[in-house]
Amino acid sequence: MTKDQQPQTYGGQALVEGVMFGGKDHTVAAIRRKDNSIDYFHLPKKKSDLAMKLRKIPFLRGIVALIESAGVGSRHLTFSTDRFDVEPGEEKEQDEQETSKLTMVIGVAAVGVLSFLFSKFVFTLVPVFLAVLFISIAPGETAQILLETFFKLTLLLGYLALISMTPFIRRVFQYHGAEHKVINAYERKLPLTVENIQAQSRLHYRCGSSFILFTVIVGMLIYFLVPADPLWLRLVNRILLIPVVLGVSFEVLQLTNAVRNIPVLKYLGYPGLWLQLLTTKEPTDDQVEVAILSFEKLLEVEEFGVSALEVKTKEKTNTISSPLTAQ
């Protein structure tokens with residue numbers, strides 16, 4: 001099978017009261033408004049010659065994908081948080097905003113990327129200091145790296161378990177489950193009905209939650225290859241190795257997805273699936289309906305172009321918002 005013959009893969013992201021899906025050339029989000037109507041938001045995927053070249057290079061392509069998804073995801077998330085609890089007509093029209101297109105694009109994308117990097121720095125360095133506190137009972141580089149990994153995993157699981165208890169985040173995790181269910185149904189070539197989708201698993205091998213867990217495991221293995229003493233060198237190594245850990249973890253994620261139908265090798269992706277038990281929840285039927293509308297609208301836009309959204313285009317922006325109501 002040639003590259004052009006390979007089936008298109010789709011990804012997504014849970015939003016506030018909605019779901020975003022991305023395809024080859026477009027991303028589309030659907031959210032449920034306060035009056036129960038459905039609002040759509042569209043962003044074309046920007047074509048950069050440099051990014052396209054980097055996407056073909058193993059280990060570097062993961063970094064590119066993360067940066068792009070952080071920027072695009074932030075803009076969709078901003079759209080959902082700005083509109084989900086506001087009555088239609090009360091929101092400020094996009095063309096009335098004083099912020100220029102360039103400022104908005106750079107600003108929102110930068111916030112997404114910087115937020116990710118900040119959390120990654122904290123998530124990487126805090127376990128080091130926690131492990132050092134126990135150096136008297138766990139001396140040696142091997143023991144310290146294992147203890148550091150234990151604290152990193154504990155912080156990750158504890159944080160996810162804690163935030164999942166809040167009603168707001170629980171609903172986001174339900175939409176996350178709806179997103180996975182839609183993709184699973186589509187990949188099984190099933191009609192996209194609520195009944196068919198609810199019968200699917202809320203877990204998926206390509207999920208970003210799996211990627212996060214793989215950074216913990218891959219990081220531990222890579223840390224065994226570099227000095228962990230003295231402390232200053234250990235901290236420097238952890239910071240410098242962040243891109244390496246991210247790049248290798250992305251390749252591991254791709255590998256586990258590629259072998260998920262092979263009887264023995266499919267278990268390689270199970271740790272990531274187990275983590276998704278925390279980051280996804282079973283969605284309600286109305287949440288699944290929103291996910292279906294988002295995905296179907298993406299398929300329409302991918303096939304017919306932005307005219308499928310039936311929206312007014314703004315001269316000063318490439319983003320397109322559509323206050324369409326579910327029929």
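The values are calculated or read from the model by the stated rules, or taken from the named source; none is laboratory data. This one's a predicted model, so the numbers in the text were calculated from it and none came from an experiment. Backbone-built Cβ (ideal geometry, glycine too); neighbour counts: all protein chains shown. Note: areas computed on protein heavy atoms with side chains; ligands, DNA, RNA excluded. Shrake-Rupley method; radii C 1.70, N 1.55, O 1.52, S 1.80 Å.
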Examine segment 211-222 for a residue that is over 22 Å from Tyr270 (Cβ atoms) and not polar (S, T, N, Q), and state whether such a residue exists.
no
Go through (1) within 30 Å of Asp286 (Cβ to Cβ); (2) among the hydroxyl-bearing types (Ser, Thr, Tyr); (3) without any contact (Cβ under 8 Å) to a residue 40 or more places away in the chain and name the single condition Ser136 misses.
(1)
Kindly evaluate Arg238 against the criterion of being out of contact with any Ser or Thr (no Cβ under 6 Å at 6 or more places or on another chain), basic (Lys, Arg), touching a residue at least 40 places away in the same chain (Cβ under 8 Å) and open to solvent by less than 50 Å² (accessible area, probe 1.4 Å).
no
Could you check segment 241-276 and list, in sequence order, the residues that are in contact (Cβ under 8 Å) with a residue 12 or more places away in the chain and outside any helix (DSSP H, G or I)?
Leu241, Arg260
Can you tell me which residue within segment 139-158, out of those that are surrounded by 14 or more Cβ atoms within 10 Å (Cβ to Cβ) and free of Cβ contacts under 8 Å to residues at least 60 places away in the same chain, is nearest to Val226 (Cα to Cα)?
Ala143
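Which of the residues belonging to segment 207-216 are of a type in the set (A, V, I, L, M) and open to solvent by less than 50 Å² (accessible area, probe 1.4 Å)?
Taking segment 207-216 first, the residues of a type in the set (A, V, I, L, M) are 212-213, 216.
Passing the criteria: Leu213, Val216.
Any idea how many residues of segment 277-290 are polar (S, T, N, Q), closer than 17 Å to Ser210 by Cα and not in a loop (DSSP other than H, G, I, E, B)? Outline the logic, then answer.
In the first step, residues of segment 277-290 are kept if they are polar (S, T, N, Q); the result is 279-280, 284, 287.
So of that shortlist, the ones also closer than 17 Å to Ser210 by Cα come out as 279-280.
Pick out the ones that are also not in a loop (DSSP other than H, G, I, E, B) and you get 279.
The total comes to 1.
Looking at Thr27, Thr81, can you tell me which residue is over 14 Å from the mean Cα position of the chain (by Cα), among the polar types (S, T, N, Q), open to solvent by less than 70 Å² (accessible area, probe 1.4 Å) and at pLDDT 85 or above?
Details: Thr27 fails: over 14 Å from the mean Cα position of the chain (by Cα).
Among Thr27, Thr81, only Thr81 is over 14 Å from the mean Cα position of the chain (by Cα), among the polar types (S, T, N, Q), open to solvent by less than 70 Å² (accessible area, probe 1.4 Å) and at pLDDT 85 or above.
Take Phe21 and decide whether it is modelled with pLDDT of 90 or more and either open to solvent by 40 Å² or more (accessible area, probe 1.4 Å) or within 27 Å of Lys189 (Cβ to Cβ) (or both). Give the derivation first.
Values: modelled with pLDDT of 90 or more: yes; either open to solvent by 40 Å² or more (accessible area, probe 1.4 Å) or within 27 Å of Lys189 (Cβ to Cβ) (or both): yes.
For Phe21, the condition - modelled with pLDDT of 90 or more and either open to solvent by 40 Å² or more (accessible area, probe 1.4 Å) or within 27 Å of Lys189 (Cβ to Cβ) (or both) - is met.
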Leu233 versus (1) open to solvent by less than 50 Å² (accessible area, probe 1.4 Å); (2) modelled with pLDDT of 90 or more; (3) over 28 Å from Leu15 (Cα atoms); (4) in contact with a helix residue (DSSP H, G or I) (Cβ under 9 Å, 6 or more places away or on another chain): which is the lone unmet condition?
(4)
Could you please let me know if Lys45 is open to solvent by 10 Å² or more (accessible area, probe 1.4 Å) and in contact with a strand residue (DSSP E or B) (Cβ under 9 Å, 6 or more places away or on another chain)?
yes
Here the residues within segment 53-73 that are of a type in the set (A, V, I, L, M, F, W, C), without any contact (Cβ under 8 Å) to a residue 60 or more places away in the chain and either open to solvent by less than 80 Å² (accessible area, probe 1.4 Å) or assigned to a loop (DSSP other than H, G, I, E, B) (or both) are Leu54, Ile57, Val64, Ala70, Val72
If I ask for residues that are open to solvent by 10 Å² or more (accessible area, probe 1.4 Å), touching a residue at least 60 places away in the same chain (Cβ under 8 Å), touching a helix residue (DSSP H, G or I) at 6+ places or on another chain (Cβ under 8 Å) and among the hydrophobic types (A, V, I, L, M, F, W, C), which ones from segment 165-206 would you list?
Phe173, Leu192, Val194, Leu203
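Return yes or no: is Ala131 outside any loop (DSSP other than H, G, I, E, B) and in contact with a helix residue (DSSP H, G or I) (Cβ under 7 Å, 6 or more places away or on another chain)? Steps first, answer last, please.
On the way: outside any loop (DSSP other than H, G, I, E, B): yes; in contact with a helix residue (DSSP H, G or I) (Cβ under 7 Å, 6 or more places away or on another chain): yes.
When the stated conditions are applied, Ala131 passes them.
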With Ile137, Ile145 as the choices, which residue is in a helix (DSSP H, G or I) and not acidic (Asp, Glu)?
Ile145
Scan segment 218-230 for residues that are at pLDDT 90 or above and either closer than 23 Å to Gln13 by Cβ or buried (at least 19 other Cβ atoms within 10 Å of the Cβ) (or both) and report the count.
3
